[in-house]
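Below you'll find the structure, written out as structure tokens, and then a few comments.
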Amino acid sequence: MENLVHTLEVLSNAFGPSGSEMEVRQLVRERTEAHAQQAYVDALGNLLLTKRGTKRDLHVMVSAHMDEVGLMVVGYTQGNLRVATIGGIDPSILPGLHVLVGRKKHPGVIGVQAIHRTSHKSREQSPDIEDLAVDIGAQSEEEARKLAPLGTPIIFATRFHAVERMCSGKAFDNRAGCTVLTELLQGDPFPCDVTGAFTVQEEVGLRGAGVAAYAISPDLAIVLEGTVADDLPKKESDVSPTTELGKGPAITVKDRSYVTYPPLLRHVIRTAQEMHIPYQIKQPGVSGTESGAIHRVGVGIPSITISVPCRYIHSPVSLLKLDDLENTIRLIQAVLSTLPSDILKIK
């Protein structure tokens, strides 16, 4: 377990907003390349590693996106940075946060007006992203431009922590999935060929996954994610949680981007039941995943998304339970080890 937690910690702390996944890719490659027969980085930045199977009757793509949500410098106000979001972020959570600017990780703070200088009315309104600025200590626009040119990416300055069986940190969407895929590739070969795809730019439109799927041309695909766990008490009367911590990996039946291939869905659920691995069904209709891009590539690639539940994703800090992370690994290992040869036949 210590090795698993260490991998999650290193990947969570890494700098990797969409389009700037280089540090994450290098960390993953150091941990996986020796366990694969083929490894390369494509033109978009996806890291693709193939692990040959013992029988090789099927070729499975297992995907996990490396990128995280963040900000980007789009302008200046004197010595402060004007920013836009990279991926889905609620601007109301941003004022007062510590951030890291650029790959050199220059520290900054998202400015917030002192409460002594704000009105009751202004405190009732959420700020727009255009109203916020990052203070990096620059004394002029010229100094700010040197430290952070236009287009410089920014991430939250959150550090990873583990307490008992719980972990907190940034970017569990989707460094949790990357941790699962890293563990899978480090293990023994499966009966089928497996190509692990650590993909780029998922948070800005599922971009890397489609390119990777086209290059790999697998028989089927499994997407690994860190997904919404909104299992805390709510003020509303009866709202079913998307997923819950501690109830195992979340299996997607459908979301806004795709409907799961039925034979693959049945195999995953049957495997979980036979192996006594706890699992849950993700509540339908929420967001989209890389399965939405992968399943339409070429002549069609049957796909399924299996996720680690994480509280507070797309925010400065997320929370997950190690039991769910470990059970996700167990489930994917079992699914890949028992894939029936007729899985591609619709019955």
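Taken together, the values in this text are just the output of simple stated rules run on the coordinates, not laboratory data. Just so it is clear, the structure is predicted and the values come from calculations on it, not from any experiment. In this analysis, Cβ positions are derived from the backbone assuming ideal geometry, glycine residues included, and neighbour counts consider all displayed protein chains.
Of PHE198, LEU81, SER303, which is farthest on the positive side of the dipole of the chain, counting Cα position, with +1 on Lys and Arg Cβ, -1 on Asp and Glu Cβ, and the Cα centre as origin?
SER303
For the range 188-264, take the alpha-carbon Rg, divide it by the Kirkwood Rh, and send me Rg/Rh.
Numbers: Rg = 16.1 Å, Rh = 15.5 Å.
My calculation puts Rg/Rh at 1.04.
Which value results for Rg/Rh of the range 271-347 when Rg is the Cα radius of gyration and Rh the Kirkwood radius based on the inverse mean 1/r?
On the way: Rg = 14.9 Å, Rh = 14.9 Å.
Here the Rg-to-Rh quotient is 1.00.
Just tell me which aspartates and glutamates come within less than 16 Å, Cα to Cα, of LYS146; anything on the same chain fewer than 8 places away is out.
Cross-link targets: ASP135.
Pairing the Cα long axis of helix 2-13 with the longest principal axis of the chain, what angle in degrees results, from 0 to 90 and rounded to the nearest 10?
The angle comes out at about 40 degrees.
If r is the Cβ-Cβ distance from ARG145 to LYS105 and R0 is 30 Å, what FRET efficiency results, to the nearest 0.05?
Working: r = 18 Å, r/R0 = 0.60.
So the FRET efficiency works out to roughly 0.95.
Given Cα pairs under 8 Å that are at least 6 residues apart, what percent is the relative contact order of the chain? Please report the intermediate quantities before stating the final value.
Details: 804 pairs, mean separation 77.9, N = 347.
The value is 22 percent.
Determine the calculated [θ] at 222 nm for the chain from helices alone, applying -39500 (n - 2.57) to every DSSP H run no shorter than 4 residues and normalising by the residue count; nearest 500 deg cm²/dmol.
On the way: 9 runs with 92 residues, N = 347.
Using -39500 (n - 2.57) per qualifying helix, the result is -8000 deg cm²/dmol.
Among the listed pairs LYS51/LYS321; LYS55/LYS345; LYS247/LYS282; LYS282/LYS345; LYS105/LYS170, give every one whose C-alpha distance is greater than 23 Å. All intermediate terms of the calculation are to be shown ahead of the outcome.
Values: LYS51/LYS321 28 Å; LYS55/LYS345 19 Å; LYS247/LYS282 11 Å; LYS282/LYS345 25 Å; LYS105/LYS170 15 Å.
In this structure, LYS51/LYS321; LYS282/LYS345 lie more than 23 Å apart at Cα.
Report the per residue volume, in Å³, of the convex hull enclosing the C-alpha atoms of the range 151-207. List each step's numbers first, then the result.
Details: hull volume 7.4 nm³, N = 57.
Cα-based convex hull of the range 151-207, divided per residue, equals 129 Å³.
Dimensions of the range 1-77 along principal axes (Cα, Å, largest first)?
61, 33, 17
Using all alpha carbons of the chain, what is the percent of pairwise distances in each 10 Å bin, ordered from the shortest bin to the longest?
It works out to 6, 25, 33, 22, 10, 4, 1, in whole percents.
Starting at the first residue of the range 197-208, write each ³J(HN,Hα) from the Karplus equation 6.51 cos²θ - 1.76 cosθ + 1.60 with θ = phi - 60°, in whole Hz, x for Gly and Pro.
Per residue, the Karplus-derived 3J(HN,Hα) values read 10, 8, 9, 10, 6, 5, 5, 10, x, 6, 6, x Hz.
If the convex hull of the alpha-carbon atoms of the range 199-347 is projected onto planes in all directions, what is the mean projected area in square nanometres? Before the final figure, lay out the partial values.
Working: hull surface 38.9 nm².
Hull-based average projected area comes out at 9.7 nm².
Quick query: amide H of LEU220 versus all other amide H atoms, modeled in the peptide plane; which residues come in under 5 Å with a sequence gap of 5 or more or a different chain?
Under 5 Å from the amide H of LEU220 lie the amide H atoms of HIS59, MET61, each far enough along the sequence or on another chain.
Which percentage, to the nearest 5, of the DSSP beta bridges contained in the chain is antiparallel?
On the way: 41 of 64 bridges.
If I count the DSSP bridges inside the chain, around 65 percent turn out antiparallel.
Tell me which residues come under 5 Å, amide H to amide H, from ARG103 once H is placed; ignore anything under 5 positions away on its chain.
The answer is none.
Each label point is 7 Å from the Cα along the Cα-to-Cβ direction; what then is the distance between the points at ILE346 and LYS55, in nm?
So the two model labels end up 2.4 nm from each other.
When the Karplus curve 6.51 cos²θ - 1.76 cosθ + 1.60 is applied with θ = phi - 60°, which whole-Hz ³J(HN,Hα) does each residue of the range 253-265 get, with x for Gly and Pro?
Karplus-based 3J(HN,Hα) across the range 253-265 equals 8, 7, 9, 6, 10, 6, 10, 5, 4, x, x, 5, 4 Hz.
Given H placed on each backbone N at 1.01 Å, which residues far from ILE86 in sequence or on other chains put an amide H within less than 5 Å of it?
Here GLY70, LEU71, MET72 satisfy the definition.
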